[in-house]
Each structure stands twice: as C-alpha cells, then as structure tokens.
Amino acid sequence: MTAEQSNTTHFGFKTVDEGEKAGMVHGVFSRVASKYDIMNDLMSMGIHRIWKDAMMDWLAPRPGQKLLDVAGGTGDVAFRFLERAPGATATVCDMTESMLLAGQTRAEANDMAQRLDWIVGDAMALPFADNSFDTYTISFGIRNVTRVQDALDEAYRVLKPGGRLMVLEFSQIPNELMQKVYDLYSFNIIPVMGQIVANDRDSYQYLVESIRKFPDQETFLAMIRKAGFEQASYRNLTMGIAALHSGWKI
C-alpha cells in the first residue's frame with residue numbers, strides 16, 4: 001500500500017484525504033441538525049424507533065450505570081437508556097455541536113437534565129479517562145467515522161472492565177434481491193426526501209452512499225474483536241437493513 005492510499009478514505013462514494021472527512025461529515029450534520037429527527041422517521045417509516053428499542057432490550061440497562069453515547073446527536077438512545085435505568089447517568093458525545101443543541105431542546109432533555117451531560121468530542125479521540133463508563137453505545141454514527149477501528153479502540157479504552165459495547169448501524173441484507181430493492185428505495189427516494197424536507201439533497205445522498213460503503217456484519221464483527229472485545233456477536237434487524245453488534249470488555 002502506498003502512502004497516498006493509506007491517507008485516503010471514503011466520503012460516500014468519493015475518495016477523499018483522511019484529514020478532510022471529519023470536516024465534511026461535520027458539515028453534513030450541521031446542515032441537517034434541525035430536521036434530523038423528522039427525517040429519521042420519514043426515511044425509516046418510524047422503524048428506527050423499533051430498532052432503538054430492540055437495542056435497549058438486548059442492552060438491558062441497569063440502575064446506576066454510566067452510559068457514554070457516542071455520535072449521540074439529539075439524544076434518542078440516551079433518553080431510552082435513562083428511562084430504563086433509575087439512577088443511571090448518560091453522557092452524549094458528538095462532534096457536531098448543532099446536533100447536541102437540537103437534542104437539548106427536546107422535552108426529555110429538560111426532564112432528565114440532572115442525569116445528562118452533552119459533550120462535543122471526536123469518536124477517535126474521546127475526551128474521557130480510561131475505564132470511565134459501564135456502557136458505550138453508538139447508533140448510526142460509526143460509519144461516518146474516518147477510521148472505524150480507531151473508534152472501536154477508543155470504545156474499549158474508556159469502558160470499565162466488564163463494560164459493554166453496543167453498536168446499531170445500517171448493514172447489508174444477506175438476500176441479494178432484497179438488497180437491490182432496498183438500494184432502489186435508498187438511492188431514488190431518500191435524497192428526494194432530503195431535498196423536500198431539509199432542502200439538502202446532497203447530504204442525504206452522502207448518507208445513503210455511506211451505508212453501502214460500511215462493512216458487512218461479519219467484517220465489522222471481526223473489527224470489534226480486533227479492538228479487544230470478547231463474547232462479540234450481532235443480530236440482524238429487519239432482514240439485515242440494520243444490525244446490532246455487541247461486545248464485552250473482559
């Protein structure tokens with residue numbers, strides 16, 4: 001591999017310098033922050049809510065735990081966690097401040113203010129000490145990270161021994177025909193929705209392309225194991241449109 005190849009990555013279907021991607025992703029989410037929640041409902045027809053509930057069912061939050069929700073945006077996962085775990089606390093960490101600010105305007109954020117922190121930070125260089133959290137979650141965010149393996153390594157670092165990683169991300173449908181049908185919807189409908197609702201077709205074109213560039217379930221599972229996590233496994237959701245990956249720091 002040449003030096004030039006090793007310093008490039010993908011931004012959707014484009015090849016870009018690694019140093020440029022974070023800023024480009026930041027630009028996407030800064031532009032869509034005010035419409036992010038409504039677009040999630042429209043794009044998934046509300047199914048993302050079922051997926052996040054399934055995430056919580058498998059995660060089984062316990063009272064008093066400390067959650068770090070990375071790329072936590074507007075707080076969806078953190079709110080669900082705190083609802084299920086009395087006395088627990090959550091830190092929502094995201095590189096895009098406007099996403100965090102949008103989350104803080106939600107009613108749940110006000111109700112749970114004493115148990116919530118909102119921190120601007122990079123998944124590849126988290127501003128937290130080693131062994132700080134009981135649980136690390138990231139939902140629909142890790143595919144936007146410049147170096148996914150670095151983010152997984154950071155997750156392992158900040159988790160306490162016995163801590164758990166849980167990743168919810170769009171994935172690959174094992175059935176080729178169903179994948180083609182899903183791609184037709186994704187590439188032809190979602191960018192149009194983005195234009196109509198958020199006045200931003202390009203950002204949603206990127207988001208669709210980023211899904212197709214993300215590793216399949218088994219490849220991502222191997223990356224989780226490489227970071228040091230044990231008892232790693234995954235579950236497909238809605239035929240594999242999304243997947244949950246879990247691992248433990250033992």
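Summary table
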quantity	calculated
Filter on LYS213/LYS249; LYS160/LYS249; LYS14/LYS213; LYS21/LYS226; LYS14/LYS35; LYS21/LYS213 - keep pairs with C-alpha separation over 19 Å	LYS213/LYS249; LYS21/LYS226; LYS14/LYS35
Descending semi-axes in Å of the stretch 34-181, equivalent ellipsoid built from Cα gyration tensor	23, 19, 16
Burial ordering of LEU101, LEU152, LEU82, LEU177, fewest other beta-carbon atoms within 10 Å first	LEU177, LEU101, LEU82, LEU152
Under Karplus coefficients 6.51, -1.76 and 1.60, residue-wise ³J(HN,Hα) of the stretch 37-42 in Hz, glycine/proline x	5, 5, 5, 4, 5, 5
Of LEU168, VAL28, GLY103, farthest towards positive along the dipole that unit charges on Lys, Arg, Asp, Glu beta carbons give the chain	LEU168
Cα-centre dipole for the chain with unit charges at Cβ (Lys and Arg positive, Asp and Glu negative), debye to 20	440
For the stretch 122-250, convex hull of alpha carbons as volume per residue, Å³	106
Ranked GLU176, GLU18, criterion: other C-beta atoms within 10 Å, fewest first	GLU176, GLU18
Cβ charges +1 (Lys, Arg) and -1 (Asp, Glu), total dipole of the stretch 170-218, debye	120
For TRP118, distant residues with modelled amide H under 5 Å away	VAL92
Fully extended contour minus Cα-Cα distance, from LYS226 to MET193, at 0.36 nm per residue	8.1 nm
J(HN,Hα) series, the stretch 147-160, from Karplus relation 6.51 cos²θ - 1.76 cosθ + 1.60, nearest Hz, glycine and proline x	10, 4, 4, 5, 5, 5, 4, 5, 4, 4, 4, 7, 7, 6
In order through the stretch 64-72: 3J(HN,Hα) via Karplus (6.51 cos²θ - 1.76 cosθ + 1.60), integer Hz, x for Gly, Pro	x, 6, 10, 9, 10, 10, 8, 6, x
Amide H contacts under 5 Å for ALA242, placed H, 5+ residues apart	SER171, LEU237
Computed magnitude of the charge dipole of the stretch 194-250 (debye, nearest 20; Cβ of K, R +1, Cβ of D, E -1)	180
Other-chain or far-sequence residues with amide H under 5 Å of PHE140's (modelled H)	LEU168, GLU169, PHE170
Percentage relative contact order, the stretch 94-250, counting C-alpha pairs under 8 Å, at least six apart	24
Which of ARG147, ARG31 has the fewest Cβ neighbours within 10 Å, and the rest in rising order	ARG147, ARG31
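No value in this document is a laboratory result; all are computed from the given coordinates. Predicted model only: the values in this text are computed from it and were never measured. Note that each Cβ is placed from the backbone with ideal geometry, even for glycine, and that neighbours are counted across all protein chains shown.
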